[in-house]
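Here is the structure we will look at, set down as structure tokens.
What follows is calculated from the coordinates using simple rules that are stated; it is not laboratory data. Remember, predicted model here, so these are calculated numbers, not experimental data. We place every Cβ from the backbone using ideal geometry, glycine too, and count neighbours over all the protein chains shown.
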Amino acid sequence: MSENDKSVSHEKAPWYRRRGTVVWALLLVGPFALPLVWYCPSFKRNIKILLSLGVIALSTVSYIYTPVLIDRLMQQLDETQTVSKGEN
């Protein structure tokens with residue numbers, strides 16, 4: 001199979017099995033795109049495992065730290081409002 005044959009077969013692949021689509025889906029919807037990773041034939045098994053573990057780890061960290069960040073933002077908002085009321 002020549003290089004041209006590979007590109008032609010890649011172009012004939014459905015949109016949900018193209019590497020670019022899978023990468024964009026991972027960036028936009030995170031763990032919801034993991035099934036696309038496993039259906040995409042252009043990723044080797046090791047890459048699929050690494051991508052899955054990375055997405056799961058990043059999602060877990062985001063899930064844990066989101067309440068902490070929201071709490072800090074609320075504290076800063078309260079401090080800002082207190083300072084603003086003191087100036088009036």
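Here is how the numbers come out for the structure above:
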| quantity | calculated |
| --- | --- |
| Computed over region 3-87, Cα set: Rg, Dmax in Å | 21.0, 71 |
| Helix 19-29 vs. the chain, principal-axis angle (Cα, 0 to 90°, nearest 10) | 20 degrees |
| Exposure proxy ranking, count of Cβ atoms within 10 Å, fewest first, for Glu79, Glu87 | Glu87, Glu79 |
| The chain, relative contact order [Cα under 8 Å, separation at least 6], % | 20 percent |
| Dipole magnitude of the chain, debye to nearest 20 (Cβ charges: Lys/Arg +1, Asp/Glu -1, about Cα centre) | 640 debye |
| 222 nm mean residue ellipticity, helices alone, for the chain (DSSP H n ≥ 4; -39,500 (n - 2.57); rounded to 500) | -27000 deg cm²/dmol |
| Within straight-line cross-link reach of Lys12, lysines at Cα separation under 29 Å, skipping those fewer than 8 residues along the same chain | Lys44, Lys48 |
| Degrees between helix 45-87 axis and first principal axis of the chain (Cα, 0 to 90, nearest 10) | 20 degrees |
